[in-house]
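Beneath this line is the structure, given in structure tokens, with notes to follow.
The values are calculated or read from the model by the stated rules, or taken from the named source; none is laboratory data. Given the structure is predicted, the values throughout are model-derived calculations rather than measurements. For neighbour counting, all protein chains shown are included, and Cβ atoms are generated from backbone atoms with ideal geometry for every residue, glycine included.
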Amino acid sequence: NAGVMQNPRHLVRRRGQEARLRCSPMKGHSHVYWYRQLPEEGLKFMVYLQKENIIDESGMPKERFSAEFPKEGPSILRIQQVVRGDSAAYFCASSLKDVEFNQPQHFGDGTRLSIL
Amino acid sequence: TQLLEQSPQFLSIQEGENLTVYCNSSSVFSSLQWYRQEPGEGPVLLVTVVTGGEVKKLKRLTFQFGDARKDSSLHITAAQPGDTGLYLCAARVDSNYQLIWGAGTKLIIKP
């Protein structure tokens, strides 16, 4: 499968629990972006990572949220002590090369996070 | 704060009709992209426009970037039920990798 793979597709957590969302970029892609989408809204940038580095996390809340993209394995978006307001669809996208003008981003099908 | 406003928010028309949806901003963008998103899936890139006044065609879809690079339109000719989906525009400021997204136009084409 050559596409961006996200798992799980659906995740249900109770308030106070931790949520871990995984993203495997397209083969050969070393740049990963995480976005959040609320119903009837567009996507909101959260964080941009390259292998082992966070390049820009300006869109990610400073508390409870963290992201990593290790040398081996998928990128992980981690949300600690989840609250109801964290319920959303979280999308991951990947691109092939360095940050570049018009470099296309390829999206996964998202993880729908529901907080009870 | 750069904002992308899409209109209409919702459009439902009969198969075979033509339609145009819009993406507007007060900011100047270095490039603008149109995506289509279906329920339960991620956005899929349709086109990127870069030059002011640029027109790109993708079968029955025609994309235009405004001369001032502040707005864009998507025109669909002879719409088909398969065109149903959420159409999102996203734009870049300068060479920043961050994409600013509109809220989308939800399009339903009735057979």
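Within the range A:18-76, how many residues turn out to be assigned to a loop (DSSP other than H, G, I, E, B) and either surrounded by fewer than 22 Cβ atoms within 10 Å (Cβ to Cβ) or hydroxyl-bearing (Ser, Thr, Tyr) (or both)? Let's see the steps before the verdict.
Quick first cut of the range A:18-76, residues assigned to a loop (DSSP other than H, G, I, E, B) only: A:18, A:25-30, A:38-42, A:51-52, A:57-64, A:69-74.
Filter once more, so that each one left must be either surrounded by fewer than 22 Cβ atoms within 10 Å (Cβ to Cβ) or hydroxyl-bearing (Ser, Thr, Tyr) (or both): A:18, A:26-30, A:38-41, A:51-52, A:57-64, A:70-74.
Residues flagged as assigned to a loop (DSSP other than H, G, I, E, B) and either surrounded by fewer than 22 Cβ atoms within 10 Å (Cβ to Cβ) or hydroxyl-bearing (Ser, Thr, Tyr) (or both) within the range A:18-76 amount to 25.
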Checklist outcome for this item: Result of the Cβ filter at 7 Å on the range B:69-84, keeping first residues that are touching a residue at least 60 places away in the same chain (Cβ under 8 Å) and partners that are part of a strand (DSSP E or B), at least 6 apart or interchain, is B:79/B:13; B:79/B:19; B:79/B:109; B:80/B:109; B:81/B:109
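Restricting attention to the range B:18-48, which residues are outside any strand (DSSP E or B) and either under 16 Å from residue A:104 (Cβ atoms) or more than 10 Å from chain A (Cβ to nearest Cβ) (or both)? I'd like the intermediate steps shown before the answer.
Going residue by residue through the range B:18-48, those that are outside any strand (DSSP E or B) are B:18, B:25-30, B:38-43.
Answer for the range B:18-48, where residues must be outside any strand (DSSP E or B) and either under 16 Å from residue A:104 (Cβ atoms) or more than 10 Å from chain A (Cβ to nearest Cβ) (or both): B:18, B:25, B:26, B:27, B:28, B:29, B:30, B:39, B:42, B:43.
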Item to check | Subset of the range A:1-17 (residues that are surrounded by fewer than 16 Cβ atoms within 10 Å (Cβ to Cβ) and under 15 Å from residue A:84 (Cα atoms)) | outcome: A:12, A:14, A:15, A:16, A:17
Next on the checklist: The conditions are (1) surrounded by 16 or more Cβ atoms within 10 Å (Cβ to Cβ); (2) within 14 Å of the chain's Cα centre (by Cα), and residue B:57 fails exactly one of them. Which is it?
Outcome noted: (1)
Checklist outcome for this item: Looking across the range B:23-49 at residues that are touching a Pro at 6+ places or on another chain (Cβ under 8 Å) and hydroxyl-bearing (Ser, Thr, Tyr), the single one that is farthest from residue B:89 (Cα to Cα) is B:48
Checklist entry - Is at least one residue of the range A:39-54 at pLDDT 95 or above, on the phi > 0 side of the Ramachandran plot and of a type outside the set (Lys, Arg)? => result no
